[in-house]
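Each reported figure results from applying straightforward, stated rules to the coordinates on display, with no laboratory input. If you're wondering where the values come from, they're calculated on a predicted model, not measured in any experiment. Cβ: placed from backbone, ideal geometry, glycine included. Neighbour counts: every protein chain shown.
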2 protein chains.
Amino acid sequence: MTDKRESGTQRSMGRPRDERADRAILDATLKLMAENGAHDLRMDDVAGRAGVGKATIYRRYRSKDELITAAVAGLVSEIAIPDTGWTRADLLALMRSAVGVYRGSVEAAVMPSLVEAMSRDAELARLVREGFLARRRAALRVVLERGIERGDLRGDLDIELALDVLGGPLFYRLLVTGGPIDEQLADGVVELILRGFAPKTKSSKSKQETR
Amino acid sequence: MTDKRESGTQRSMGRPRDERADRAILDATLKLMAENGAHDLRMDDVAGRAGVGKATIYRRYRSKDELITAAVAGLVSEIAIPDTGWTRADLLALMRSAVGVYRGSVEAAVMPSLVEAMSRDAELARLVREGFLARRRAALRVVLERGIERGDLRGDLDIELALDVLGGPLFYRLLVTGGPIDEQLADGVVELILRGFAPKTKSSKSKQETR
DNA sequence: TTCTAACGAGACTAGCTGGTTTCGAAAGTG
DNA sequence: CACTTTCGAAACCAGCTAGTCTCGTTAGAA
């Protein structure tokens with residue numbers, strides 16, 4: 001799709017493409033996006049950092065936009081849905097993994113420039129949301145729903161709100177306040193969700209042991 | 001500071017500066033930043049939309065960066081600290097006003113591009129945080145602290161976390177998920193904070209009336 | 001009325017950059 | 001070996017824009 005070679009027409013003639021160049025190009029693109037922003041990405045710089053000629057890039061991607069899209073699309077990562085049997089532990093596992101990702105990774109460094117790009121390109125926004133934000137969100141949703149069934153969370157809770165409360169503060173610190181993204185954040189948010197969305201009870205213990 | 005005229009030397013000779021041009025320039029700058037992003041701001045466009053010659057801009061600001069900085073600095077707004085006597089009402093007032101601001105205003109439209117710029121310019125980041133985010137945050141902090149004294153909130157709560165939980169979901173939806181920024185969000189977050197950070201009690205009513 | 005500086009409009013330049021193309025070399029296939 | 005396609009490097013161009021400068025004009029102060 002991003003390739004000029006016609007699909008189906010498997011050419012076996014000529015020098016085959018260097019697959020290492022593929023990775024090198026995408027890696028260089030992501031790193032430069034993180035450093036200078038998607039907008040200040042220079043094709044010459046990508047070529048230089050990837051140790052590749054510009055023609056090698058344009059043979060794979062028709063334009064800069066296509067390159068950026070491909071690089072962003074490559075950010076997808078698998079998220080395993082934890083299932084320890086304890087709602088708190090499951091939530092903590094997901095949130096701590098999130099903290100790990102958004103503290104110091106390329107993904108974190110790219111986010112500010114990505115936010116700007118998303119606000120101006122609906123297609124890219126969809127790609128980012130569905131491509132690599134959706135996994136963790138889906139996992140959290142499953143854990144929350146299990147928490148409801150299990151009786152750890154109230155049945156009428158606004159799941160979308162809960163998801164945004166879990167993820168919002170992290171991104172808020174990453175993008176806006178510059179506050180610390182650490183375990184304390186993960187733990188605090190999880191604890192707040194468990195307490196604030198605890199099921200209605202007639203006599204609730206102050207420190208319930210959520211099973 | 002952003003003016004070429006030497007401070008102190010109050011010249012009263014010659015044609016005085018048109019003060020309407022000052023506003024027109026800053027307004028045009030903000031609107032164009034909202035539309036196209038800070039990076040794609042064209043000085044010609046600013047001049048055109050403001051109905052002003054480029055020289056008139058450069059007489060006030062040495063460079064595009066200085067213009068952008070000035071426009072952002074002009075975003076400050078006063079936030080009255082509500083004091084109804086009820087913690088819930090005070091929090092709701094602040095959060096609903098925030099919802100009003102970040103739904104459809106110029107400020108909201110500028111944020112994505114501002115986030116990107118902040119990530120690359122520490123001075124601008126400070127300006128934005130202290131200049132126009134700090135007001136509401138300070139007001140919320142006061143309300144939270146009063147809530148603690150009043151016994152509506154637990155004394156050992158992490159105030160920074162609470163502030164980020166109040167603001168985070170809103171910005172998360174604005175910048176990342178594209179979710180709705182409405183009263184339901186404000187109400188839900190406030191309710192969560194009140195429940196989740198409720199003081200430790202021996203017998204807590206499920207629907208406590210926080211006075 | 002004279003003087004000064006700001007005004008809107010727009011010409012100008014100096015620099016940068018995305019994209020295309022060309023080059024000789026290299027890497028495979030048959 | 002002949003053939004085809006990719007490779008890195010670099011030249012090239014067309015387009016765009018920040019910032020400066022020059023007009024003739026205009027608003028106030030002295």
Could you check, for the stretch B:128-139, whether at least one of its residues is under 28 Å from A:Ala134 (Cβ atoms) and within 13 Å of chain A (Cβ to nearest Cβ)?
no
Top-ranked residue in the stretch B:77-91 [being β-branched (Val, Ile, Thr) and surrounded by 13 or more Cβ atoms within 10 Å (Cβ to Cβ); ranked as nearest to B:Val142 (Cα to Cα)]
B:Ile81
What are the residues in the stretch A:98-156 that are part of a loop (DSSP other than H, G, I, E, B), without any contact (Cβ under 8 Å) to a residue 24 or more places away in the chain and among the hydroxyl-bearing types (Ser, Thr, Tyr), if any?
A:Ser105
Is it true that A:Leu67 is away from chain B (no Cβ under 14 Å) and either buried (at least 17 other Cβ atoms within 10 Å of the Cβ) or touching a Pro at 6+ places or on another chain (Cβ under 7 Å) (or both)?
yes
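For (1) within 16 Å of DNA strand C (Cβ to nearest atom); (2) not aliphatic (A, V, I, L, M), each residue gets a yes or a no:
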{"residue": "B:Ala28", "(1), (2)": "yes, no"}
{"residue": "B:Met33", "(1), (2)": "no, no"}
{"residue": "B:Ala47", "(1), (2)": "yes, no"}
{"residue": "B:Asp65", "(1), (2)": "yes, yes"}
{"residue": "B:Ser77", "(1), (2)": "no, yes"}
{"residue": "B:Ile81", "(1), (2)": "no, no"}
{"residue": "B:Ala89", "(1), (2)": "no, no"}
Candidate set from the stretch A:49-63 (those that are loosely packed, with under 14 Cβ neighbours inside 10 Å and of a type in the set (D, E, K, R)); member that is farthest from DNA strand C (Cβ to nearest atom):
A:Arg62
So is B:Arg42 under 30 Å from B:Glu191 (Cβ atoms) and of a type in the set (Lys, Arg) or not?
no
Count of the stretch A:162-197 residues which are assigned to a loop (DSSP other than H, G, I, E, B), on the phi < 0 side of the Ramachandran plot and either at the interface with chain B (Cβ under 7 Å from one of its Cβ atoms) or without any contact (Cβ under 8 Å) to a residue 60 or more places away in the chain (or both)
3
Matching entry among A:Glu183, A:Glu130, A:Glu123 (being within 24 Å of B:Leu161 (Cα to Cα) and not small (Gly, Ala, Ser)):
A:Glu183
For the stretch B:127-162, name all the residues that are crowded, with 20+ Cβ neighbours inside 10 Å and among the β-branched types (Val, Ile, Thr).
B:Val128, B:Val143
Do you know which residues across the stretch B:35-45 are among the aliphatic types (A, V, I, L, M) and within 15 Å of DNA strand C (Cβ to nearest atom)?
B:Met43
For the stretch A:85-112, which positions are over 14 Å from the mean Cα position of the chain (by Cα) and over 20 Å from A:Ala186 (Cβ atoms)?
none
